[in-house]
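Shown next, in structure tokens, is the structure this report addresses.
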Amino acid sequence: MQLVASTCDRPSQDGADVPTIDASARPKRDTTLRGDVTELEVALALMRSGRTVLRPASAGLRYDLVIDDDGIFRRVQCKTGRLRDGSISFRLCNSDARRPSGVPYHGQVEAFGVHCPETGRSYLVPLADLGTMRNLARLRLTAARNGQTKGIRDASLYEIAER
């Protein structure tokens, strides 16, 4: 929501106009909200699959969730996947104005939790399965049009299934 100065039906006590909240004026992209929803969707899918999910107390860490597999802890960075041309794409790095090339997560997480809003499904992708990739990864939902099978990651192998 955005504060928009407008004339009110009733002035403030000192006679000045009071700014009102215009709910229709929304920012183009709310990446924080999208990330929060993705994190909750991945956590819910993991819990439905019977896993124990922990959330760090600090939001400033490089991981969003921790999976506790009987005392073995795996850090998970959650990413929103986008469906394009039969595959789900997601970023493997965090970029901002100071680091436009991005900062990869190698050595700081063990897996990516990916939620695709278009399919409504969540996936757990071990970092080890991505090799040396640093920017973008894809999970294939349909066969490649050119028939390629080498180097393809089948999304069904990573889908978080309910118990």
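The values are calculated or read from the model by the stated rules, or taken from the named source; none is laboratory data. Here the structure is a predicted model, which means the values were calculated and not measured. So basically every Cβ, Gly included, is an ideal-geometry build from the backbone, and we count neighbours across all protein chains shown.
Note on region 128-163: residues that are under 19 Å from Asp64 (Cα atoms) and at pLDDT 95 or above total 3. Among the conditions (1) crowded, with 16+ Cβ neighbours inside 10 Å; (2) within 22 Å of Gln108 (Cα to Cα), Asp129 misses just one, which is (1). Counting only strands (runs of 3 or more DSSP E) that sit completely within region 1-97, those holding 1 or more residues that are at pLDDT below 55 correspond to 2-4, 20-22. Annotation: Gly71 fulfils all but one of (1) of a type in the set (Gly, Ala, Ser); (2) under 21 Å from Arg163 (Cβ atoms); (3) touching a residue at least 24 places away in the same chain (Cβ under 8 Å); the unmet one is (3). So which of Asp30, Asp85, Asp96, Asp69 ends up being under 19 Å from Gly151 (Cα atoms) and surrounded by fewer than 17 Cβ atoms within 10 Å (Cβ to Cβ)? Among Asp30, Asp85, Asp96, Asp69, only Asp85 is under 19 Å from Gly151 (Cα atoms) and surrounded by fewer than 17 Cβ atoms within 10 Å (Cβ to Cβ). The residues on offer are Val76, Val53, and the sole one that is of a type in the set (Val, Ile, Thr) and either closer than 22 Å to Thr31 by Cα or touching a Lys or Arg at 6+ places or on another chain (Cβ under 7 Å) (or both) is Val76. What number of residues within region 111-163 are among the acidic types (Asp, Glu), out of contact with any helix residue (DSSP H, G or I) (no Cβ under 6 Å at 6 or more places or on another chain) and touching a residue at least 24 places away in the same chain (Cβ under 8 Å)? Here the count works out to 3. Looking only at region 87-110, residues that are without any contact (Cβ under 8 Å) to a residue 12 or more places away in the chain and aliphatic (A, V, I, L, M) come to 2 in all.
Determine whether Arg82 is of a type in the set (Lys, Arg), closer than 18 Å to Met47 by Cβ and either touching a residue at least 40 places away in the same chain (Cβ under 8 Å) or out of contact with any Gly (no Cβ under 6 Å at 6 or more places or on another chain) (or both). Lay out the reasoning, then the answer.
Working: of a type in the set (Lys, Arg): yes; closer than 18 Å to Met47 by Cβ: no; either touching a residue at least 40 places away in the same chain (Cβ under 8 Å) or out of contact with any Gly (no Cβ under 6 Å at 6 or more places or on another chain) (or both): yes.
No.
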